Amino acid sequence: MGCFGRLGYRYLVSFDRSKIINSEFVSSAPPEFLFICGAISQYLGAALAYSLFDDVGTPLVATLRVIGAAITLFLLRRIWKRSMEELDLAWTALFGIVLAGMNLCFYLAIDNLPLGNAVAIEFLGPIAVAVLGNRSFKNLASLAIASLGVLFLAQVTSEGSLTGVLLALAAGALWALYIILGSRVARSGAHLDGLGVGMLIGGLVISPTALASIGNVFEHPVLILVALSTGILGNVIPYGIDQIALQRITKARFAFLQALLPATASCVGFIALQQKATINEVVGIGMIIFAILLRGKET
């Protein structure tokens, strides 16, 4: 296990919650670095999950991913030892339902739309949060540049269906709610434990959508285990990092930094998969980096 892995594991299993946000790594790591680490893990998990759609079924993959992540956090954090009052259960449950719904809607959207179209439409959610949270000229200008960068990266086409567009819009709306509710959970003291409880509730709420695919559990038992494991890469690590970041920065800045997700995905493709970079991708990444530098740190 590498240095980052050891630090991450110690954070996950730590029971002295008063010292979590004061740890040297968490307090010194720039939010941008945390986002990039989370994005790499999230897109590796998404790629693995996408490969299971045909054999397991999209709703079942989404459900198993969320429940698998919840089980992982329950085991690592021993969440059952905490009282429901400490976990702020009502808000935690709502947060988990929104998170699970966001995952499900996005997976269904990319089943009906090209990935780039879905990413571009879904990004409207974080844009709304960023605009409402900070309406200064510098913020709006940097947000406009970052949004254009995402459009360049997404490589939007005219393909797709109305169903896909509506699902992507729903995913974007849920993404906005995820940021707002995630900030509350992160600052309430529930943070990672709240994330685990929330994902368990959310996974159970969306599970009826997977009933039509339940037969795949018996036909592909190994793939079901793989689907459960995608929750570690796709949910535990990136959403855990989100909880760390939301303790330190505002919802508006957090929403703005979501532009790093598609940029990181493209960089992973260039480096790990040896994909050839297009002019659009290079321009898009450059615009996002410039926008982040333009906006600067919060004061």
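The values are calculated or read from the model by the stated rules, or taken from the named source; none is laboratory data. Given the structure is predicted, the values throughout are model-derived calculations rather than measurements. In this analysis, Cβ positions are derived from the backbone assuming ideal geometry, glycine residues included, and neighbour counts consider all displayed protein chains.
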Of the residues in segment 157-185, those that are touching a Phe, Trp or Tyr at 6+ places or on another chain (Cβ under 8 Å) and aliphatic (A, V, I, L, M) come to L167, A168, A171, I179, L181, V185
Out of A277, A212, which single residue is of a type outside the set (S, T, N, Q), surrounded by fewer than 16 Cβ atoms within 10 Å (Cβ to Cβ) and under 26 Å from G57 (Cα atoms)? A212
Just a yes or no: is a residue in segment 205-216 farther than 20 Å from V98 by Cα and within 15 Å of the chain's Cα centre (by Cα)? no
What number of residues in segment 262-293 are at pLDDT 70 or above, over 21 Å from A120 (Cβ atoms) and more than 22 Å from the chain's Cα centre (by Cα)? 2
Could you give every pair whose Cβ atoms fall below 6 Å, whose first residue belongs to segment 69-97 and is in a loop (DSSP other than H, G, I, E, B), and whose second residue is surrounded by fewer than 17 Cβ atoms within 10 Å (Cβ to Cβ) and at pLDDT below 90, counting only separations of at least 6 or pairs across chains? D88/S188
For segment 90-140, give me the residue count where each residue is of a type in the set (G, A, S) and within 16 Å of the chain's Cα centre (by Cα). 7
Checking A190 against (1) closer than 23 Å to A118 by Cα; (2) at pLDDT below 90; (3) within 19 Å of the chain's Cα centre (by Cα), which single condition isn't satisfied? (1)
The listed residue being charged (D, E, K, R) and crowded, with 17+ Cβ neighbours inside 10 Å, out of R78, R65: R65
For Q243, indicate whether it is surrounded by fewer than 18 Cβ atoms within 10 Å (Cβ to Cβ) and within 19 Å of C37 (Cβ to Cβ). no
Flagged in segment 147-172 as over 15 Å from L108 (Cα atoms), outside any loop (DSSP other than H, G, I, E, B) and out of contact with any Gly (no Cβ under 6 Å at 6 or more places or on another chain), in numbering order, are S147, L148, V150, L151
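Determine, yes or no, whether S136 is more than 12 Å from F123 (Cα to Cα) and either among the aromatic types (F, W, Y) or without any contact (Cβ under 8 Å) to a residue 12 or more places away in the chain (or both).
It is true that S136 is more than 12 Å from F123 (Cα to Cα) and either among the aromatic types (F, W, Y) or without any contact (Cβ under 8 Å) to a residue 12 or more places away in the chain (or both).
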With respect to D55, is the statement that it is surrounded by fewer than 24 Cβ atoms within 10 Å (Cβ to Cβ), touching a Lys or Arg at 6+ places or on another chain (Cβ under 9 Å) and more than 24 Å from A265 (Cα to Cα) true? no
Quick one: is A154 more than 18 Å from R65 (Cα to Cα), surrounded by fewer than 24 Cβ atoms within 10 Å (Cβ to Cβ), touching a residue at least 40 places away in the same chain (Cβ under 8 Å) and in contact with a helix residue (DSSP H, G or I) (Cβ under 8 Å, 6 or more places away or on another chain)? yes
